[in-house]
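**Q** Dropping a structure here in C-alpha cells format, bear with me for questions.
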Amino acid sequence: MKFYNLEDYNEQVSFSQAVKQGMGTKQGLFFPLELPEFSPSNIYDMLEMDFFSCSSKILSTYIGNEIPSYHISEIVKKSFSFPISFVEISDNIGCFELFHGPTLAFKDFGGRFMANILSYILKPNEKITILTATSGDTGAAVAHAFYNMNNIRVVILYPRGKISPLQEKLFCTLGGNIETISIDGSFDSCQALVKEAFNDKKLKNIINLNSANSINISRLLAQICYYFQAIKYIPKEKRNKVVLSVPSGNFGNLTAGLLAKTLGLPVKRFIAATNLNDTVSRFLINKKWQPKTTITTLSNAMDISQPNNWPRIEELFRRKLWCLNDLTCDSVSDENTKFSIRQLAEIGYISEPHAAIAYSLLRDKLQKGEYGLFLGTAHPAKFKENVEKILGYPLFIPKELANRIKLPLMSNYLKADFPKLRDFLLNRI
Ligand SMILES: *Cc1c(COP(=O)(O)O)cnc(C)c1O
C-alpha cells in the first residue's frame, strides 16, 4: 500500500520508503492511502487466531505485497516475542498489560517491529542514523531494539532531569551504537530539535537520518495488533460494548487503536486520557489549538503539549466521517492520579501514574452496560521512586531493571540548541 504525506497529498511513497524516511516534506506525517476494513466474519476468525497469525494478517493488509507475508510473519514473531496479560480489576473493568517486554513498556512492540523491519529493508552496506526524542520510554525501547545493529547509529534525546532515574538507566547504559543526549528543556524541545534536524536537508543526507518516534508509520502499524488481543479477553456478549481508555501523550497509541477500529474491530468508544498537559481536551471543547508550556507531572511519558500524532487522528476522523466529539478526552491531575493508584492498590492491583490516569477516567466515565479496558503502558517499577512514595511500601523490581541500576550513565549533555546538536551529529560519523 502507498502512504501519503498529510502536508502534501501528492507525496506518496511505499511502505519501505515511509519507514526509511520517517517523515515527509514540511514535516508531514505519512498516512495510509487506503483504510481497509475486514468483514465481521473475518474479524470473528481473527479473534480466534493466535497473536502472531492475527498480527501478520493485519500488517500484511497494510504493507501489501511489498514484503512477502512469509517475511512479515517472521518479523512479527521476532518482534512480539513477549507476553501480554489481562487483569480483571472489577466486574466491568480490566487492565490490558502491555509492559512485559524487554524494556517494560508498551513501546517495545513498536520499537522492536520497527528495528526488525528496518534491518530487513536496509541494504547490507547502507548506513543510517536514527534520531529520536523520548519522554521516557521510547528511548529504552528503541535503544534495546536497535542495540548492536551495526549499520544503524542511534541518537536519543531526552529532557534532562524529567524522566525517572530508572527509565534513564534502562537506555543510557548501553553504549556501542547507542548514543544518548540529555537536553536542557522539555520533551517538546527535544521533539522540536528532531524536527529541525529533519528539515536540514544537508545534514539529513550526510548522516542518512531516520526517526523512530511514533511518527514512524511502522511503529504505529505494529501497535494496531495488540488491540485485537485486547478484545479477545472480553466475553463475546460484551464485545460490542467495549470502551478503551488509552493513556495518551503523543497520541500514537490512540491512533493505532482508532486504526484497529477502522479495520472493523468492535470498540464502542475510546477515552483519550491525559495529564494536565491538556492541549487536546481544550481543543475538543473550543476548537482552538493552543498548546501551553509543557508542565512536569507524575506521568512524565505523557508530559507533551504538542502531540505529534494529532494530525493523523483528525485525518482519520475526516476520512471515516466520524465526529471528533465522539472521542472522549479529559485530563487528570497529579492528586487524582495518586488517589487512583492508591484506590487500585486497595483492590490489590499495583499500578503506575500513566495507567492510573486511564483508569481514573474510565471509572468516572463508564456508562451502564459498557465494559471498560484501560491500557497498562509501563511496569510500575519504572516509576519506583514515585509509586513507593505514593503507596508507602517498596515495590518488586524485575530483573530487566535490577540488572541496570548499578551501571554508570553514559549520556552526553547539550543545551536545546540546534547548531550544537548538528555539530554533535556531524562530528561523530
Ligand atoms: C509513551 C507512553 C505513553 C503515551 O503514549 P503515546 O502513544 O505517546 O500517546 C503512555 N504511557 C507510557 C508509560 C508511555 O511510555
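**Q** Among Asn208, Asn386, Asn125, which one moves the most in a GNM of the chain with springs linking Cα atoms closer than 10 Å?
**A** Asn125
**Q** Write out the GluC sites (Glu not before Pro) in the stretch 311-393 meeting two conditions: DSSP loop, and at most 14 other Cβ atoms within 10 Å of their Cβ.
**A** Working: sites: Glu314, Glu315, Glu335, Glu346, Glu370, Glu385, Glu388; in loops: Glu370.
Those that pass, being in a loop and sparsely packed, number zero.
**Q** While we're here: Counting each DSSP H run of 4 or more residues in the chain as -39500 (n - 2.57), what helix-only mean residue ellipticity at 222 nm follows after dividing by all residues, to the nearest 500 deg cm²/dmol? Don't skip to the end; give the middle numbers.
**A** Working: 18 runs with 187 residues, N = 429.
It lands at -13000 deg cm²/dmol.
**Q** Straight-line reach from Lys236: which lysines fall under 19 Å, measuring Cα to Cα and dropping same-chain residues less than 8 apart?
**A** Partners found: Lys261, Lys268, Lys368.
**Q** Between Phe317 and Lys365, take the C-beta separation as r, use R0 = 22 Å, and let me know the FRET efficiency to the nearest 0.05. Show your work: numbers first, answer last.
**A** Working: r = 19 Å, r/R0 = 0.89.
Efficiency, rounded to the nearest 0.05: 0.65.
**Q** Gain in length, Glu196 to Arg342, computed as 0.36 nm per residue apart minus the alpha-carbon separation, to one decimal in nm?
**A** 48.4 nm
**Q** Can you tell me how much longer the chain between Glu66 and Asn148 gets when fully stretched, taken as 0.36 nm per residue apart minus their C-alpha distance, in nm with one decimal? It would help to have the intermediate numbers written out before the result.
**A** Details: separation 82, 0.36 × 82 = 29.52 nm, distance 2.65 nm.
Extra length from Glu66 to Asn148 when fully extended: 26.9 nm.
**Q** Compute the signed sum of charges (Lys and Arg +1, Asp and Glu -1) over the other residues within less than 13 Å, Cβ to Cβ, of Leu407.
**A** Values: positive: Lys169, Arg404, Lys406; negative: Glu168, Glu400.
Result for the local shell: +1.
**Q** Also, I was wondering about something else. Evaluate E = 1/(1 + (r/R0)^6) for Thr296 and Asp184, where r is the Cβ-Cβ distance and R0 equals 22 Å; express this FRET efficiency to the nearest 0.05.
**A** On the way: r = 14 Å, r/R0 = 0.64.
Calculated value: 0.95.
**Q** Now for a different question. Tell me, what are the semi-axes, in whole angstrom and largest first, of the equivalent ellipsoid of the chain as set by the roots of 5 times the Cα gyration tensor eigenvalues?
**A** 30, 26, 21
**Q** Amide H of Leu209: which non-local residues (sequence gap of 5 or more, or other chain) have their own amide H closer than 5 Å, using H built in the peptide plane?
**A** HN-HN under 5 Å from Leu209: Thr129.
**Q** Also, quick follow-up: For Ala115, what is the net charge nearby, where nearby means another residue's Cβ is under 11 Å from its Cβ and Lys, Arg count +1, Asp, Glu -1?
**A** Working: positive: Lys78, Arg112, Arg219; negative: Asp108.
Charge balance near Ala115 sits at +2.
**Q** Continuing with this model, one more query. Relative contact order for the chain: what is it in percent, counting Cα pairs under 8 Å that are at least 6 residues apart? Intermediate values should be presented prior to the final figure.
**A** On the way: 821 pairs, mean separation 83.0, N = 429.
Over the chain, the number comes to 19 percent.
**Q** Most mobile of Ala197, Ala356, Ala222 per a Gaussian network model of the chain (Cα springs, under 10 Å)?
**A** Result: Ala197 has the largest fluctuation of those listed.
**Q** Can I ask one more? Residue by residue through the stretch 217-225, what is 3J(HN,Hα) from phi via Karplus (6.51 cos²θ - 1.76 cosθ + 1.60, θ = phi - 60°)? Round to whole Hz and write x for glycine and proline.
**A** Along the stretch 217-225, the couplings run 4, 5, 5, 4, 4, 4, 6, 4, 4 Hz.
**Q** Give me, ordered by chain and number, the residues 5 or more places off Phe86 or on other chains with an amide H under 5 Å from its own placed amide H.
**A** Here the answer is Glu97, since their amide H atoms fall under 5 Å of that of Phe86.
**Q** Just to be sure I understand the model, the point goes 7 Å from the Cα along the line to the Cβ. What's the resulting Glu7 to Asn286 distance in nm?
**A** Calculated label separation equals 2.7 nm.
**Q** Work out how much length Tyr44 to Ser81 would gain on full extension: take 0.36 nm times their residue separation and subtract the Cα-Cα distance, in nm to one decimal. Kindly include the intermediate steps, with their values, before the conclusion.
**A** On the way: separation 37, 0.36 × 37 = 13.32 nm, distance 2.38 nm.
Difference between extended and current length: 10.9 nm.
**Q** How many angstrom lie between the C-alpha centres of the stretch 1-20 and the stretch 294-335?
**A** Each part reduced to its Cα centre gives a spacing of 24 Å.
**Q** Right, something else. How large is the charge dipole for the chain, taken about the Cα centre, if only the Cβ atoms of Lys, Arg (+1) and Asp, Glu (-1) carry charge, to the nearest 20 debye? All intermediate terms of the calculation are to be shown ahead of the outcome.
**A** Numbers: 50 positive and 40 negative charges, 102 e Å.
Here the size comes out at about 500 debye.
Only the coordinates and a few stated rules stand behind these numbers; no lab work does. Given the structure is predicted, the values throughout are model-derived calculations rather than measurements. As a convention, Cβ positions derive from the backbone with ideal geometry for all residues, glycine included, and neighbour counts pool all protein chains shown.
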